[in-house]
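In what follows, a single structure is set out as structure tokens and then discussed.
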There are 4 protein chains.
Amino acid sequence: MDYQSILERIAQDVAPLVGSGTPAEYIPALAAVDARHFGMAIADLDGKVHGVGDWERPFSTQSVTKVFALALALSLGGDGLWERVGREPSGNPFNSLVQLEYENGIPRNPFINAGALVVTDRLLTLTGDASSELLEFLRQESGNPELAFDPEVAESESGHGDRNAALAHFMASYGNIANPVPALLDHYFWQCSIEMSCGDLARAARFLARHGLRADGSRLLTRSEAKQVNAVMLTCGTYDAAGEFAYRVGLPGKSGVGGGIVAVVPGRCTLCVWSPGLDGQGNSVAGVAALDRFTTLTGLSVF
Amino acid sequence: MDYQSILERIAQDVAPLVGSGTPAEYIPALAAVDARHFGMAIADLDGKVHGVGDWERPFSTQSVTKVFALALALSLGGDGLWERVGREPSGNPFNSLVQLEYENGIPRNPFINAGALVVTDRLLTLTGDASSELLEFLRQESGNPELAFDPEVAESESGHGDRNAALAHFMASYGNIANPVPALLDHYFWQCSIEMSCGDLARAARFLARHGLRADGSRLLTRSEAKQVNAVMLTCGTYDAAGEFAYRVGLPGKSGVGGGIVAVVPGRCTLCVWSPGLDGQGNSVAGVAALDRFTTLTGLSVF
Amino acid sequence: MDYQSILERIAQDVAPLVGSGTPAEYIPALAAVDARHFGMAIADLDGKVHGVGDWERPFSTQSVTKVFALALALSLGGDGLWERVGREPSGNPFNSLVQLEYENGIPRNPFINAGALVVTDRLLTLTGDASSELLEFLRQESGNPELAFDPEVAESESGHGDRNAALAHFMASYGNIANPVPALLDHYFWQCSIEMSCGDLARAARFLARHGLRADGSRLLTRSEAKQVNAVMLTCGTYDAAGEFAYRVGLPGKSGVGGGIVAVVPGRCTLCVWSPGLDGQGNSVAGVAALDRFTTLTGLSVF
Amino acid sequence: MDYQSILERIAQDVAPLVGSGTPAEYIPALAAVDARHFGMAIADLDGKVHGVGDWERPFSTQSVTKVFALALALSLGGDGLWERVGREPSGNPFNSLVQLEYENGIPRNPFINAGALVVTDRLLTLTGDASSELLEFLRQESGNPELAFDPEVAESESGHGDRNAALAHFMASYGNIANPVPALLDHYFWQCSIEMSCGDLARAARFLARHGLRADGSRLLTRSEAKQVNAVMLTCGTYDAAGEFAYRVGLPGKSGVGGGIVAVVPGRCTLCVWSPGLDGQGNSVAGVAALDRFTTLTGLSVF
């Protein structure tokens, strides 16, 4: 089966699930999204993109941007980052503060909020303007110069930002934040507010399937670094459901509470699926099911 | 490079690390082993085995047997097992009791001690003699009819078994243990005491690289189940260092405090490495380094 | 007002609460008790006892015996006990295993189950027969030679004893249990099964109001030790509600899931109240209210 | 023995301990204090004060002010406060964030930092100027109109305030902080910076020994509220050593990292002791020993 047929088959198969689950409710801008959207895209290594459903419609990327921020921070600053953030799954269904305290302000991995704050803090130190640099990088890799922040989402996040402020101050108390907390939080909230479509994200993530090579053929990450980012995605990319995601889907993936999930088949292709209804772990119900169908239909899991 | 040359190159590269780390000390039988052993074997899908160093010398498999017990329990009893044990990394450097209590007696995954006790409990219910059935299975898959328990190790484990007894009684208080605790513990300790060589283990694990097919060509697990066991190995197979192992090695793997590690390249081959010196997380220092070298030299990581 | 009038006034005041709450349900022998019982007794320093309601009816003392076991262990073995158990409130609404693990097998205080197991373990080492020695001690102090174990309760506890077995094995894994776990558990369960009335308990506890002097005038504890036991009762005697109990009642007290509570007014008198309906923390609803009324009516709180 | 002779005897007895322990080091202003200071004062119910050593020398009150803030908040706002903060010991040697998360942003008691922030937040809402109101109250009760903030300490606290900022934002994320976090933190840090002598504090605390009556004879707290504040001091007033303090001293007490401790003998007198060397729990080494000697010499413990 070609990719386009596979996508259409998947869309048909998961249709009954589209609309189940609940969109993120902690900020009005996300809660207002219609849960019945579904889109999916596949990008091959040459950049050819296939899509189905709402695959060209922009949505709020939220935590999906964390994997791009990580790659950019590693590319610009090297692996010194790993002295400030771990690479182990958080394994804790109810919080991250416990482990943060237990491990003296070093977050378990770069994809929990605390760890992502450290990555943004490093990017801010390296570039002077973390959120703009990330946006520019995503524009280049997706080939879409119109990607933009959503100011309403960024401000809404900021207005509900006490928990992230707590995490940042707490790490600062251990000396693990280099920039002023308010500035860091701004960059973090703007980074989360970037809007992209499934097509944009599948294209932008190709460097992870191409062992580190960017869209223009230049090298973003070494082969070894690209392997490492994929490994961290597999073990930590879907909140406390990483084990379950690896079990069902068997691909490196990174999800966001906007309902998007990016996944990588190393050496073959990248995928992005979007549907706003979330399960109890914050992952898209129809999105996880669609990726599950993909690996079952194609046998393209890493295992 | 052919497998034999690769093994010899690896042995050379990791030689400086052999002897570093500390053999497990909690029972005399393990503490007495010479830390300077090193062996490694690769089995291809047809059962051809290549080896280097002490690859034919039997050692105490310990937790490496947990992956075989899991496969056998799934094969005999199906996925009802997953109602009694989770599939998420434990993510907790210091204990498992906390999470066991928080999650009402359901262990996070089948490879932490609590979860392995549940697997053995299920195997005991399914077969009436969990440890003997497991030994017989390992004899068949390895093609080595002389595999045996080490009674000294089993008794030594039993004499230091209060922590496992605590875990079993604790789960029993939640109704998650079906057999009498003392009988369960016996089977658990005997299972841990099985002695095998790198060659035996690499051969025995081939069903995980062959998508579920046993040595005799019959099916142990469905393709999907084999994928799932590999996924659980990758996310949970090396104690609290699973993220680090995925990051460095990028293969499903299961380690034991005897110093052995089994790893799987799905669709290609299986590996087993042994060296008794352990790092702080309980994984073989030279063993992890050897597997790291293997994926770097061959590019055969799953990522 | 004299004690008798006070008791009658209290009985009247708390009557609307008698029968609310829920008797302990984890063993049938306790669940079968009628929640509508209420009794209360006051013993002055000379041993004169006043009572109201079911004050002469025996009930299952359960954890109330822990304070007598502690006093006996201190009297017989001295303060070496404090090397094996702490004196801090447990402060944890949901478990004790977490702290037990965090503090390397040393329970927070002698009144949580883990700590009481250590006290019984010590008493067993000191006397060879912990539960019989405790029973004999209670007979002497209460002046009631007919006090007895309730075998049905003891066996019922034993049949539901997995959690206590887990605690004991867990502490044994840290070297903090000296006797074989099954023998220790037997003594612990028999100790909990002793039946006494409010009158018996008020009399038996008088040594705590008499700064350490026993019923026969001999010294059980030094003045300083008696103060210390009272202090531990106040800070740790009512499970996770010790702060609330101190706040409302303001007296050292020890409760049990049988619905009994013993309280001490140092230098003045002892009280015992019983009513089987428990609140969410395992303390008698009407019992706590009755003690609250007592200190309000008499001003006899320690604060 | 009269109070003056007792104080002199105590000063002699604890002299060998003065200078041991370590002054608080987290801010320079505290770390610079000479550890060899020792002062102690007793105030009787009429306001007559006896003192020994450096009893008239002002020191940084720090957390000792928390008990006065609590009393003032209860007096002005009533017991609605208890919906936002608990009354149970924290029982956790290593942190408060764990329990704060577990209990949804409700601190365990008003004397851990999180709870004291809630009290200050309430005082700020009630008065519009929490720190000035508290200072004025302390001036009136101590009879010393020259009491003042130490701006150097307040600013130093603010400069090291990330952990308190984390606590405040974290509670704000649960809706348990009513004022803007930066304003709240300012009042909190200024409150901690108030300088007082042992004599000032012993005088100011008399309302707790006088069952709620202020220095001018007016009522601050009801008799019942005064009892309750004393109870909370006893169970929660000395960090994670409250059990130990009750065990050794047997009096309600509140300590601060400046080395001061206030203690109350209800119906009799108040005490304040100061010596900057702290033990591992943050309580004054010589201070605790002095109070221990006091209750041993006088028999005036509450137990």
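The values are calculated or read from the model by the stated rules, or taken from the named source; none is laboratory data. Quick caveat, the model's predicted, so the values are computed rather than measured. Cβ: placed from backbone, ideal geometry, glycine included. Neighbour counts: every protein chain shown.
Structure data summary
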read-out: Failed item in (1) among the polar types (S, T, N, Q); (2) over 17 Å from residue A:118 (Cα atoms); (3) surrounded by fewer than 24 Cβ atoms within 10 Å (Cβ to Cβ), with residue A:255 passing the rest; value: (3)
read-out: Flag for residue C:266 being over 30 Å from residue C:35 (Cα atoms) and touching a residue at least 40 places away in the same chain (Cβ under 8 Å); value: yes
read-out: Failed item in (1) in contact with a His (Cβ under 9 Å, 6 or more places away or on another chain); (2) at pLDDT below 95; (3) acidic (Asp, Glu), with residue B:129 passing the rest; value: (2)
read-out: Residue, nearest to the other protein chains (Cβ to nearest Cβ), within the range B:45-78, restricted to residues that are over 24 Å from residue B:258 (Cα atoms) and touching a residue at least 12 places away in the same chain (Cβ under 8 Å); value: B:74
read-out: Per-region count, the range A:101-133, residues at the interface with another protein chain (Cβ under 8 Å from one of its Cβ atoms) and either in contact with a strand residue (DSSP E or B) (Cβ under 9 Å, 6 or more places away or on another chain) or in a helix (DSSP H, G or I) (or both); value: 2
read-out: Selection status of residue D:148, within 13 Å of chain A (Cβ to nearest Cβ) and either buried (at least 18 other Cβ atoms within 10 Å of the Cβ) or in contact (Cβ under 8 Å) with a residue 12 or more places away in the chain (or both); value: no
read-out: Residues of the range C:235-276 that turn out to be in contact with a strand residue (DSSP E or B) (Cβ under 6 Å, 6 or more places away or on another chain), more than 21 Å from residue D:85 (Cα to Cα) and not aliphatic (A, V, I, L, M), as a count; value: 13
read-out: Meets criteria (free of Cβ contacts under 8 Å to residues at least 12 places away in the same chain, part of a loop (DSSP other than H, G, I, E, B) and of a type in the set (D, E, K, R)) for residue B:25; value: yes
read-out: Which numbered condition residue C:178 fails, given (1) part of a helix (DSSP H, G or I); (2) within 14 Å of another protein chain (Cβ to nearest Cβ); (3) of a type in the set (A, V, I, L, M, F, W, C); (4) more than 18 Å from residue C:254 (Cα to Cα); value: (1)
read-out: The one condition in (1) surrounded by fewer than 24 Cβ atoms within 10 Å (Cβ to Cβ); (2) within 16 Å of the chain's Cα centre (by Cα); (3) within 22 Å of residue B:208 (Cα to Cα) that residue A:203 fails to fulfil; value: (3)
read-out: Checklist (1) modelled with pLDDT of 95 or more; (2) out of contact with any strand residue (DSSP E or B) (no Cβ under 7 Å at 6 or more places or on another chain); (3) on the phi < 0 side of the Ramachandran plot applied to residue B:211, failing item; value: (3)
read-out: Residues of the range B:155-200 satisfying the condition of being out of contact with any helix residue (DSSP H, G or I) (no Cβ under 8 Å at 6 or more places or on another chain), buried (at least 19 other Cβ atoms within 10 Å of the Cβ) and free of Cβ contacts under 8 Å to residues at least 12 places away in the same chain; value: none
read-out: Spans of strands (runs of 3 or more DSSP E) in the range B:190-303 with at least 3 residues out of contact with any Cys (no Cβ under 7 Å at 6 or more places or on another chain) and within 14 Å of another protein chain (Cβ to nearest Cβ); value: B:260-265
read-out: Subset tally (residues that are touching a Ser or Thr at 6+ places or on another chain (Cβ under 8 Å) and crowded, with 24+ Cβ neighbours inside 10 Å) for the range D:213-230; value: 1
read-out: Subset of the range A:36-75 [among the small types (Gly, Ala, Ser), surrounded by fewer than 21 Cβ atoms within 10 Å (Cβ to Cβ) and out of contact with any Leu (no Cβ under 9 Å at 6 or more places or on another chain)]; value: A:47
read-out: Given (1) in a helix (DSSP H, G or I); (2) buried (at least 21 other Cβ atoms within 10 Å of the Cβ), number of the condition residue C:139 does not satisfy; value: (2)
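One line per residue, one yes/no per condition, for (1) over 21 Å from residue C:251 (Cβ atoms); (2) not hydrophobic (A, V, I, L, M, F, W, C):
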site: D:183; (1), (2): yes, no
site: D:189; (1), (2): yes, no
site: D:194; (1), (2): yes, no
site: D:199; (1), (2): yes, yes
site: D:205; (1), (2): yes, no
site: D:216; (1), (2): yes, yes
site: D:220; (1), (2): yes, no
site: D:225; (1), (2): no, yes
site: D:229; (1), (2): no, no
